[in-house]
1. Tell me the net charge near Ser129. Cut-off is 14 Å between Cβ atoms, Ser129 excluded, with +1 for each Lys or Arg and -1 for each Asp or Glu.
2. Would you work out if region 68-150 is rounded, prolate or oblate? Take a ≥ b ≥ c from the square roots of the eigenvalues of the alpha-carbon gyration tensor; rounded if a/c is under 1.5, else prolate when a/b is larger than b/c, oblate otherwise.
3. Note down the nm distance, to one decimal, between modelled labels 7 Å out along Cα→Cβ at Tyr115 and at Leu144.
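Read-outs: derived from the displayed coordinates by stated rules, not from any lab. It should be emphasised that the depicted structure is a prediction, and the values quoted were computed from it without experimental measurement. Reconstructed Cβ throughout: ideal geometry from the backbone, glycine too, with neighbour counts over all protein chains shown.
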Amino acid sequence: MLMHMPTDDQVTASERGGSGGSSPRAGTERGGSGGSSPRGSTDPADPAGSATALGGRDYGATLWEPSERSVRDARITGYAAWLRDGRGPELTGYDELWRWSVAEPEAFWISVWEYFDVLGRRGDGPVLSGGPMPDVRWFGGATLNYASRARPP
């Protein structure tokens, strides 16, 4: 069965105790309380919630989890450590990183540009303009040379 994907606004509203929009899946139909995050519970007192998939607990058991080595060596782990080293907020895990990216998209995308050392000029334009998605313009005035990145060194 296909399930409705909530918007970031619906997720944020549900976490604040709001209605989360007019989604037919909003509220208790997700398998949790009306205020639970559709991304799953982050409550340490709810061990089953940590594996809760988007939309509820009806997806079954977790099929795969990365090894400690895979987590340690992942680019996102390096990015989170880079942020903690004084370049961004103190985030303790993926869920907090995701929440920050939704709450402060401009700061998030500037940090992504800097951490991944995007070759190009960011320009003088705003990081984000327009909106809501998909009518958003990203890094207005930025210039990139795709050909210089696509050819082998």
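1. -1
2. Cα axes put region 68-150 in the oblate bin.
3. With each label point 7 Å from Cα toward Cβ, the separation is 1.7 nm.
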